[in-house]
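Data first, discussion second: the structure below is written as C-alpha cells.
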Amino acid sequence: MRVFVLTGAGISAESGLGTFRDKGGIWARFDPMKLATPEAFAHDPNQVHAFYNARRANLLSAESNAAHRAIARLGAALTEHGGDLFLCTQNIDDLHERAESSRVVHMHGELLKARCLRCEVVIPWRDDLGVEVPCPSCAQAGGLRPHVVWFGEMPLEMDTICDALQRADLFVAIGTSGSVYPAAGFVTEARGNGIRTCEVNLEPSDNARQFDETHYGPASTAVPAWVEKVLASL
Ligand code: NAD
Ligand code: APR
C-alpha cells in the first residue's frame, strides 16, 4: 500500500513548537509580512534572522513526540510489506528525522539549514551565520538566508510531491489547518484521483468535509491509534 502523509504544525505542537493559526499561534504574535516574506528579508535581514534564530533555539530544546515516532513505525512497516510511505511536511523542524523517519520532504524548507541568495547553495545552519558572513561556497557576503519558504514563494520539491500524490492509495493529512496553498489543495487532488483520504487532527480543519475518514484528538494519541489501525490491516 502506498501512503502519502502530509503533516503540519499540529504534529509538533505537543513537542512545544508553536502552531501558526491556533489561539496564541505564531502569526497571532508576530506579523508574517514583516518576518516571513522575501521583502521583509530585503528590508531588515537581521530582524528576520533573529526571528528564526529564536525558533531554532526552541527547536534545539524540543524532542520528537509519539506522533512522529508512530509515523516512522508506519514507514518501516509499509516498506517491509512492499509498500511505501511518502512523508511530506510543511514543518521546518527536524522532529520527523529525529524520530527516525528515513525520507522527509520539507516543502517549506528547513530551519536548520541556510541558503545563499547569490549561488543558491544550501548549507547546515550555524549560529554565527548572518548577512555579513561570506557564503562558504561563493565567498560573497550579504546573501545567507534561512532555507525556509516564505509567503509568496514557491514550495520546494513540488514535482516529486505531485508525482507521489498521483501514485498513492491513501492520502492522510495530520496536524494542518488546510488553510495555506498549495498543501491545502492536496486533498482535492487526491479525491480527484480516486484516492481514499483521511484527516487526523485536533479538530476539523478547513478541509474536513473532503475527507472520507477523520480522527480527532491530540496528535500524540490520535496518530499512534490511527497507525495501529493501519498496521493491523497490513
Ligand atoms: P500564496 O498567497 O502565494 O498562494 C499560494 C497559491 O495558492 C497561489 O497560487 C494562490 O492563487 C493559490 N490559492 C489560494 N487560494 C486557493 C484556493 N482556494 N484554491 C486553489 N488555489 C488557491 O501563498 P502564501 O500563503 O504566500 O505561501 C506561499 C508558500 O509559502 C506556501 O507554500 C506557503 O505554505 C509557504 N509559507 C511558508 C511560511 C513559513 O514560515 N515557512 C510562511 C508562509 C507561507
Ligand atoms: N494535535 C493535532 N493537531 C493539532 C494539535 C495537536 N496537539 N494542536 C493543533 N493542532 C492542529 C490545529 O487544529 C490546526 O488545524 O494543527 C493545525 C495547525 O494549523 P496551522 O497553525 O495553520 O499550521 P499549518 O497548517 O502547518 O500551517 C501551514 O502556513 O504559515 C504557513 O508555512 C507555514 O507551514 C505553515 C503553513
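Of the residues 153, 132, 203, the single one that is closer than 22 Å to residue 13 by Cα and surrounded by fewer than 14 Cβ atoms within 10 Å (Cβ to Cβ) is 203. Looking across segment 107-119 at every residue that is part of a loop (DSSP other than H, G, I, E, B) and surrounded by 14 or more Cβ atoms within 10 Å (Cβ to Cβ), the one that is farthest from ligand 1 (Cβ to nearest atom) is identified as 118. Among the residues of segment 75-91, none qualifies, meaning not one is assigned by TED's automatic domain parsing to the domain that holds residue 33, open to solvent by less than 70 Å² (accessible area, probe 1.4 Å), on the phi < 0 side of the Ramachandran plot and more than 16 Å from ligand 2 (Cβ to nearest atom).
Select from segment 1-34 the residues that are assigned to a helix (DSSP H, G or I) and at pLDDT 95 or above and write down the one among them that is nearest to ligand 1 (Cβ to nearest atom).
The selected residue is 9.
Just so you know, in segment 120-129 the residues that are assigned to a loop (DSSP other than H, G, I, E, B) and either open to solvent by 50 Å² or more (accessible area, probe 1.4 Å) or modelled with pLDDT of 95 or more (or both) include one that is farthest from residue 60 (Cα to Cα), and it is 120. Restricting the first member to segment 184-196 and to residues that are open to solvent by less than 10 Å² (accessible area, probe 1.4 Å), and the second to residues that are within 16 Å of ligand 1 (Cβ to nearest atom) and in a helix (DSSP H, G or I), the beta-carbon pairs closer than 7 Å and six or more apart or on different chains are 186/165; 187/210; 190/165. Inside segment 140-155, can you point out the residues that are among the aliphatic types (A, V, I, L, M), touching a residue at least 24 places away in the same chain (Cβ under 8 Å) and more than 9 Å from ligand 1 (Cβ to nearest atom)? 144 - this is the single residue of segment 140-155 that is among the aliphatic types (A, V, I, L, M), touching a residue at least 24 places away in the same chain (Cβ under 8 Å) and more than 9 Å from ligand 1 (Cβ to nearest atom).
Taking segment 157-183 on its own, how many of its residues are on the phi < 0 side of the Ramachandran plot and open to solvent by 50 Å² or more (accessible area, probe 1.4 Å)?
Residues that pass the stated criteria total 7.
Scanning segment 182-212 for residues that are away from ligand 1 (no atom under 16 Å from the Cβ) and either out of contact with any Gly (no Cβ under 7 Å at 6 or more places or on another chain) or not assigned by TED's automatic domain parsing to the domain that holds residue 84 (or both) yields 193, 194, 195, 196, 197, 198, 199, 200, 203, 204, 211, 212. Residues that are of a type outside the set (Lys, Arg), open to solvent by less than 10 Å² (accessible area, probe 1.4 Å), assigned by TED's automatic domain parsing to the domain that holds residue 92 and within 16 Å of ligand 2 (Cβ to nearest atom): does segment 213-220 have at least one? No; the residues of segment 213-220 include none that is of a type outside the set (Lys, Arg), open to solvent by less than 10 Å² (accessible area, probe 1.4 Å), assigned by TED's automatic domain parsing to the domain that holds residue 92 and within 16 Å of ligand 2 (Cβ to nearest atom). From the list 12, 102, the lone residue that is surrounded by fewer than 17 Cβ atoms within 10 Å (Cβ to Cβ), among the hydroxyl-bearing types (Ser, Thr, Tyr) and touching a residue at least 24 places away in the same chain (Cβ under 8 Å) is 102. Report yes if residue 60 is free of Cβ contacts under 8 Å to residues at least 24 places away in the same chain, more than 16 Å from ligand 1 (Cβ to nearest atom) and either surrounded by 18 or more Cβ atoms within 10 Å (Cβ to Cβ) or not basic (Lys, Arg) (or both), otherwise no. So residue 60 passes the test. Could you pull out the residue among 137, 177 that is farther than 30 Å from residue 225 by Cα and polar (S, T, N, Q)? Every option except 137 fails the conditions.
The values are calculated or read from the model by the stated rules, or taken from the named source; none is laboratory data. Predicted, not measured: the structure shown is a model, and the values here were computed from it. With ideal geometry, Cβ positions are generated from the backbone for all residues, glycine too; neighbour counts draw on all protein chains shown. With ligands, DNA and RNA removed, areas are computed over all heavy atoms of the protein, side chains included. Shrake-Rupley method; radii C 1.70, N 1.55, O 1.52, S 1.80 Å.
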